[in-house]
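Coordinate-derived values only; no laboratory data. Nothing here was measured: the structure is a model prediction, and the numbers come from that model. Glycine also receives a Cβ, built like all others from the backbone with ideal geometry; neighbour counts cover every protein chain displayed.
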């Protein structure tokens, strides 16, 4: 695999870092997607069981959504830092 990468550009290290960056951000996005799906699925179940708590649960739901979505940005920043600094 490295010989193919070297033939394309000649700089295998940069290509390897780019691939690692893409994989890292992709895994961060997949993890956040699973977490957000769990949050909204649990919200639907909770409101179906106790509709009178919808107002209280909505705030908690959006807080969980925001914190889970932050994982994608951490993965993006960590990947960019690793790509630039390493």
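Quick notes on this structure:
- Just one residue in the set 20, 66 is part of a helix (DSSP H, G or I) and under 14 Å from the mean Cα position of the chain (by Cα); that residue is 66.
- Scan of region 34-68 for residues that are surrounded by 14 or more Cβ atoms within 10 Å (Cβ to Cβ) and closer than 18 Å to residue 24 by Cα, ordered by number: 35, 68
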